[in-house]
1. How fast does the stretch 2-154 diffuse by Stokes-Einstein, in µm²/s, taking the Kirkwood radius from C-alpha pairs at 20 °C and 1.002 mPa s?
2. Amide H of E132 versus every other amide H placed in the peptide plane: which residues, excluding those fewer than 5 positions away on the same chain, fall under 5 Å?
3. Using the Kyte-Doolittle scale, which helices in the chain average at least -1.0 and also have C-alpha atoms spread 18 Å or more along the helix axis, with helices defined as whole DSSP H runs?
Amino acid sequence: MLVLLGGGLLDLHSGYWRGHLAFLGASLLWACYTVALRIIGLGALEATALLCSGSLLGLVLLLTGGLVDSTLAEIGWHDLWPYLLTQGLGAGIVGGFTYGVAIRRLGAEKTAAFGSITPALAAVAAVPLLDEPISADTLAGVLLITLGVLLASRLRDSRPVVSRAGS
């Protein structure tokens with residue numbers, strides 16, 4: 001991901017480095033969440049409830065404490081419902097639940113490896129959907145991420161199974 005975001009991290013004048021650094025930090029936190037979820041052994045439904053309630057509590061605290069600016073109270077339901085549907089229900093609840101199921105079935109390592117391909121897919125999807133050009137740096141980052149995911153998933157599958165007979 002550093003290759004994919006590298007140019008933005010080095011361009012200090014545009015200010016994009018802040019967002020790129022936040023993205024890298026969020027990726028690290030998500031990896032920790034993935035491993036912790038596997039270690040704790042919560043089910044997909046419980047993990048989704050924990051994640052969504054924590055996010056909601058954080059949002060309420062930030063809004064009521066005046067720590068972030070928001071026009072949420074001024075927006076009507078007509079403008080708000082698409083975001084509640086796609087981000088709240090889709091990304092929040094359905095995405096969180098299916099991620100928990102994937103961790104349970106595939107394991108934390110493989111799920112994290114497949115999840116890390118998201119920035120590469122977003123960069124490739126931006127070409128036809130948003131008419132974004134793809135630079136050589138971005139293409140190199142996409143290829144490196146894809147190669148890393150393929151290697152991580154193949155290495156995990158090729159490890160010998162150790163028998164615990166007699167224990």
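1. Calculated translational D: 120 µm²/s.
2. Residues meeting the amide H criterion: V127.
3. Passing helices, by number: 16-40, 44-64, 136-158.
A short reminder: the numbers here are calculations on the coordinates, not readings from a lab. Just so we're clear, the structure is a prediction, and the values are computed from it rather than from any experiment.
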